[in-house]
Amino acid sequence: MASAFHQQGYRLITDDVMAIQMDAPIPQVIPSFPEVKLLPDAADVLQVSDRTALGQPLGYKQTQRLDAQFTPHPVSLRQFYVLRLGEQHQIDPMLRTQSFVELIQHSRALKALKDPSVKVQHFHQCSELAKVVPMGYLQRPRSLEQLPQAIRGIEEHLGYLSPSDRR
């Protein structure tokens, strides 16, 4: 989806792993690297020509560099979406208790953390995020060709125009 957003004129913040700075009034997303990882079929549908194969163990994926359209500064976190496959495009709100559970389930840090006190801190951070950042389920069909519709749904949900419409 990151590459599809990029094609719609959005700047890249991060691909699949997101670091969040919690010491600001609004949590901030820390930019990662100016590249996205793509499966070959996604790169084909999105017509990504400037791609490079990854080495092992992710040799089946390819990367696309996005240096010119990368956000180098932290960005306020306004919304989380948990992706789901379904027959139609739909965004459903999530209760805070479910938000906490989803944050824990989708956290890579939890798998890497060994120190119990650090795990407790991570649980606390997820709890705080669930309180201050709204979450929803983003349902979309399993169709790469329909990614633009998913992006329009997110734009409508957040209440703003795409970058190309802002001119």
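Values quoted throughout were computed directly from the atomic coordinates according to the rules given, and no laboratory measurement underlies them. Only a predicted model underlies this, so the values are computations on that prediction, with no experimental measurement involved. Positions of Cβ are generated from backbone atoms using ideal geometry, with glycine treated the same way; all protein chains shown enter the neighbour counts.
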Determine the sum of side-chain charges near Asp16: Lys and Arg each +1, Asp and Glu each -1, restricted to other residues whose C-beta is under 14 angstrom from that of Asp16.
+1
In degrees, nearest 10, range 0 to 90: what is the angle between the Cα axis of helix 96-105 and the longest Cα principal axis of the chain?
70
Work out the FRET efficiency for Gln8 and Thr97 from their Cβ-Cβ distance, taking R0 = 41 Å, and round it to the nearest 0.05.
0.80
Under the 0.36 nm per residue contour assumption, what length would be gained going from the current alpha-carbon distance of Leu158 and Ile104 to full extension?
17.1 nm
Taking θ = phi - 60°, what integer Hz values does the Karplus form 6.51 cos²θ - 1.76 cosθ + 1.60 yield along the range 148-159, in sequence order, with x for Gly and Pro?
x, 5, 4, 5, 4, x, 5, 4, 5, 5, 7, x
Once Kirkwood radius over Cα pairs in Å is worked out from the coordinates, which option in (1) 20.5; (2) 17.4; (3) 18.2 does it equal?
(2)
Test of understanding: what is the full-extension gain from Thr71 to Glu87, defined as 0.36 nm times their sequence separation minus their Cα-Cα distance?
2.5 nm
For the chain: lysine pairs under 29 Å (alpha-carbon distance), excluding those fewer than 8 apart on one chain:
9
So if I place +1 on the C-beta of Lys and Arg and -1 on the C-beta of Asp and Glu, and nothing else carries charge, what would the dipole magnitude of the chain be about its Cα centre? I want it in debye, nearest 20.
260
